[in-house]
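Shown next, in structure tokens, is the structure this report addresses.
Derivation of every value follows stated rules applied to the coordinates shown; laboratory data play no part. Please read all numbers here as calculations on a predicted model, not as lab measurements.
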Amino acid sequence: MGVRLLERMQEMLDGMDDKTFVFGTLFVTANLLETLLDRAFAPYGITVKQWLLLITITSLFREPPTIKQVAGTMGTSHQNVKQVARNLEKRGFLRLVKDAKDARVTRLVTTEACHAFGAETSEAGDAFMAEVFGGIEEADLRGARNMMLLLWQNALKMK
């Protein structure tokens, strides 16, 4: 991008109200980060959506969760989680297992390949996060966290 184009974009953004700017920037930033992460995960044969499902399972649940639990946590549909999970199962990262007490329920069980992937990419993930959040003060990060939590809660109320 040329310097003049960047200056014109900055002028347009400066004239935008804060709510519109934040709302639009959330989507633009999410798309950019998804593109960057898809590129980084390509050698492992997984997508950002698959990675997010694995992170959700390994970070937020102590026991293998049900598809319904994961869908509710991620704010998506049962069918979407099932489709992503099946693709991860084909790649050896997950097993879809019928619940011992209720055969109608399917649990998502991470595999050794999933844990190895996590260990192998941990350092690169830390470096990526450091770069993404570089130059952002802790107080600003805390404020952003609080704002994101409120946005999430408002969206859940709208649901």
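Quick one: which of Lys68/Lys98; Lys19/Lys49; Lys19/Lys82 span more than 23 angstrom between C-alpha atoms? Working shown, then result.
Details: Lys68/Lys98 13 Å; Lys19/Lys49 27 Å; Lys19/Lys82 34 Å.
Long pairs (Cα-Cα over 23 Å): Lys19/Lys49; Lys19/Lys82.
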If I histogram all Cα-Cα distances within the chain using bins 5 Å wide from 0, what percent of pairs lands in each bin? 1, 7, 12, 16, 18, 15, 12, 8, 5, 3, 1, 0, 0
Using θ = phi - 60° and the Karplus curve 6.51 cos²θ - 1.76 cosθ + 1.60, what whole-Hz ³J(HN,Hα) does each residue of segment 106-113 get, with Gly and Pro shown as x? 10, 9, 9, 10, 6, 10, 4, 4
Long-range amide H partners of Val105, meaning residues 5 or more apart or on another chain whose placed amide H is closer than 5 Å, are Asp99
How far, in nm, would the chain grow between Lys101 and Thr73 when pulled straight, counting 0.36 nm per residue and subtracting the alpha carbon separation? 7.9 nm
How large is the helix-only mean residue ellipticity at 222 nm for the chain, computed as the sum of -39500 (n - 2.57) over DSSP H runs with n ≥ 4, divided by its residue count, in deg cm²/dmol to the nearest 500? -23500 deg cm²/dmol
